[in-house]
Amino acid sequence: FPEQIDQWILSTCGYCAVGCRLYLGIRNSQIVSVRGDKNSPVNKGRLCLKGRYQWKALTVERATVPMVRRNGEMVKVSWDEALDIVIEKMREVLLNEGPEGLAIYSSGLLPLEEQYAIGKLARGYIGTPNLDANTRLCMSSTVSGFIRSFGQDGPPGCYEDLDIADFLLLFGCNPAEMHPNLWFRIFRNKERRGAYLITVDPRATVTARQSNAHLAILPGSNVAFLKGLTHILIREKWIDEGFIAEHTEGFDKLAESVQECTPEVTSQKTGLSTIEIMDCAKRFAQSAAVTTIFAQGVNQSNQSTEVVNLICNLHLITGKIGKTGSTPLSLTGQVGAMSNREVGGGGSLVGYRRWDNPEHRKEVAQLWNIPVERLPQFSKSILQIFKDIELGKVKLFWNIATNPAVSLPHQEWTRKQLDKVFCIVQDVYYPMETGTYADVFLPAAQWGEKTGTFTNSERRVSLARKALDPPGDAKTDLWIIQEIAKRLGFDDGFNWSGPEAVFEEWKRLSRGCPVNMSGMNYQRLESEQGIQWPCPDLSHPGTSRLYEDGVFPRKSGRALLWAIEEESLDCPEHLRNPESRVKYPFILNTGRIREQFHSRTKTKRIAELNLLSSEGFAEISERDAIKLEIRSGDWVRIITENGWIRVRAKVTSDIAQGSIFVPFHFGDLDPKERHLKQAANHLTSFRVDPISMQPRYKLEYCRVEKD
Ligand code: SF4
């Protein structure tokens, strides 16, 4: 009933980095509705299932009062009491252990301004290398892959490419369920323009079923498949020799590295037919405009950074980059994950600067007005931070807007480490899984209750306005960070009047960087429906595509073609040990489902979504199910060398024989409830890509037992 709404407030969806624009409907100071923004160039009024119901996450029971642990129980206290304890503990750790005794783990769900503030406090003022974010789990391999191939991070193309590509290679992604509003554009391109879609995925996902062709690749064979395509392109001379000569380096080495990767060899390694492989290569070469879309099937696989390099190679040797409709496009998971990359909230130094560049370090120190020596020399990943907890080096862990007690791998080990540290948990909801490890809990405002900017997967920065006050005593993450910084004695650097002042400061750090946002301000972002960086001045309209001039930001100005050696498909431990292969004969793949988001802190509180999926499950093929006498709905145990879970079986033809799929969203808040031990990350291990340090969630070995 739109006539019953007092006010519609323009915002950006708080879930994924498609970055759909929407209005929040307010009546009597309460949120009662959302509707898509028809003027948005991103979603043109459409919202997916999660987007449509997310306003309800603002109406359910929330954490409203700070709490501290006393005699094992969490008790409610005032903000002053809670912050006094936080500051006392931080001072003690800094005094006894130095900056390395303290770690901060934040989130790609926060707006740019809050992530910038966290980075400034951690790196510039506390001086700790122990800052990471949950973006490490979803896209750090794309970051390292783009830096290695192009010389810098940043998506080269834009969403318009999805509308006009003639051939779309969907590699290890399922946008029909995970990024539905982009899928709408892809599918419309197929239906209206006749674009050809090939999905490469071990599972027959909705995306795969609606594509022109589904290549059901064997798990762990991404490198073999991409090297096979490269072999064919070079052998058949389906390459752009002019582009290679002018804009790339490393071609001879690349050609040599794929000499043996014939269609026959590739077929053996990937389980695909030579006809499928040849057809894919031919379409890639002979279509005028080609976009490769990828997500966690690439980023969370083995050799994930190198897989990104191989995708970039395909576009570079065919000259299909920096042109309309032609780009590699990584689909990002969280609304603020791209912002995290920009402000250095995770692994990078602020503004895509490099840790090892003395000039970059000097610039940052000057702009922050701190001695350059205070900046750490490097940044640690969450795995390294947890290893340092195990070694007793990290004593205090400040967890902001993320839920590692569900989302990190190898939960048995991870949870043990959380038990060892003084744990500050800052979140929107309580109880939540990581909250059970809290010594201090700080209640935070969430999406809709604060103003800030988010960058989506096509580099478009948009503004999300506050529509409501946070409930009770909950405060914005920015307020909490500022308050802690000031109480630590860092008043000068954190005296912002609000998020807009933070954005203005960040703009000064972005000037001259690849992520230049100097020409943006809140007014422009709102009136122009977001702007794509780089945008160097107020009259600049923003940039749709990078590398249109064929110049890449490496010393030579050329992109680097990477020659990749293929590693074993299996983890070496498993290969070495034949007994282990007998014990764990199935390949386990973990992933996402349409109705849930991450560890469900938000979506499990929304009845409409939970009606559709409220429990974990394990997909098993029909043949395997017959062998094990398992029927859909039976309880089964999935067991790996790391742990076990108990879920219901879902017998399906969507999965290959010998494979198991388990969604990762489901935590097990109450460990006493046996049937709730469903967190898929009890099964996974902390095996990471050695370049990006991103965990390999997509390949584990398991066995299945009927319970
Ligand atoms: Fe929100 Fe992503 Fe759905 Fe758009 S596609 S409405 S950004 S969850």
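The values are calculated or read from the model by the stated rules, or taken from the named source; none is laboratory data. Just so it is clear, the model here is predicted, and its values are computed rather than measured. Backbone-built Cβ (ideal geometry, glycine too); neighbour counts: all protein chains shown.
Quick notes on this one:
- Comparison of 441, 454, 503, 422 shows that the only residue that is buried (at least 24 other Cβ atoms within 10 Å of the Cβ), farther than 30 Å from residue 354 by Cβ and either more than 16 Å from the ligand (Cβ to nearest atom) or of a type outside the set (Asp, Glu) (or both) is 441.
- Residue in region 464-486 that is of a type in the set (S, T, N, Q) and at pLDDT below 95 present: no
- Enumeration of residues in region 161-176 that are surrounded by fewer than 23 Cβ atoms within 10 Å (Cβ to Cβ) and under 22 Å from residue 286 (Cα atoms): 163, 164, 166
- Residue 72, sole failed condition from (1) closer than 30 Å to residue 487 by Cα; (2) modelled with pLDDT of 95 or more: (2)
- Any hit, region 471-493, residues being among the small types (Gly, Ala, Ser), within 21 Å of residue 63 (Cβ to Cβ) and surrounded by 18 or more Cβ atoms within 10 Å (Cβ to Cβ): yes
- Boolean, residue 626 is over 30 Å from residue 307 (Cα atoms), in the same structural domain as residue 584 (by TED's automatic domain parsing) and either outside any strand (DSSP E or B) or in contact with a Cys (Cβ under 9 Å, 6 or more places away or on another chain) (or both): yes
- In the set 656, 680, only one residue is closer than 24 Å to residue 271 by Cα and outside the structural domain of residue 180 (by TED's automatic domain parsing); that residue is 656.
- Of all residues in region 222-258 being basic (Lys, Arg) and surrounded by fewer than 21 Cβ atoms within 10 Å (Cβ to Cβ), the one that is nearest to the chain's Cα centre (by Cα): 253
- A Cβ distance below 8 Å, combined with a sequence gap of six or more or placement on separate chains, defines the contacts here; from region 275-287, residues that are under 19 Å from residue 328 (Cβ atoms) reach residues that are among the aliphatic types (A, V, I, L, M) and in a loop (DSSP other than H, G, I, E, B) in the pairs 285/239; 287/165.
- Subset of region 465-516 (residues that are among the acidic types (Asp, Glu) and assigned to a loop (DSSP other than H, G, I, E, B)): 469, 473
- Among the conditions (1) in a helix (DSSP H, G or I); (2) within 18 Å of the chain's Cα centre (by Cα); (3) in the same structural domain as residue 343 (by TED's automatic domain parsing), the only one that residue 110 does not satisfy is (1).
- So residue 83, is it touching a residue at least 12 places away in the same chain (Cβ under 8 Å) and either part of a helix (DSSP H, G or I) or out of contact with any Leu (no Cβ under 8 Å at 6 or more places or on another chain) (or both): yes
- Region 19-48 residues that are free of Cβ contacts under 8 Å to residues at least 60 places away in the same chain and farther than 17 Å from residue 60 by Cα, paired with ones that are of a type in the set (Val, Ile, Thr) and surrounded by fewer than 21 Cβ atoms within 10 Å (Cβ to Cβ) (beta carbon under 8 Å, 6 or more apart): 23/9
- When the test is whether a residue is within 16 Å of the ligand (Cβ to nearest atom), of a type in the set (A, V, I, L, M) and over 30 Å from residue 396 (Cβ atoms), residue 162 passes it.
- From the options 100, 92, residue that is free of Cβ contacts under 8 Å to residues at least 40 places away in the same chain and closer than 29 Å to residue 398 by Cβ: 92
- Hey, residue 337 within 16 Å of the ligand (Cβ to nearest atom) and either at positive phi or not polar (S, T, N, Q) (or both) or not: yes
- Any hit, region 88-102, residues being among the polar types (S, T, N, Q), surrounded by 16 or more Cβ atoms within 10 Å (Cβ to Cβ), more than 15 Å from the ligand (Cβ to nearest atom) and at pLDDT 95 or above: no
- Verdict on residue 394 being touching a residue at least 24 places away in the same chain (Cβ under 8 Å), surrounded by 24 or more Cβ atoms within 10 Å (Cβ to Cβ) and of a type in the set (Val, Ile, Thr): yes
- Residue count for region 206-221, restricted to those that are among the hydrophobic types (A, V, I, L, M, F, W, C), assigned to a helix (DSSP H, G or I) and buried (at least 22 other Cβ atoms within 10 Å of the Cβ): 1
- Total residues in region 177-196 satisfying the condition of being surrounded by fewer than 23 Cβ atoms within 10 Å (Cβ to Cβ) and assigned to a loop (DSSP other than H, G, I, E, B): the figure is 1.
- Region 233-268: number of residues that are over 30 Å from residue 553 (Cβ atoms) and part of a helix (DSSP H, G or I): 7
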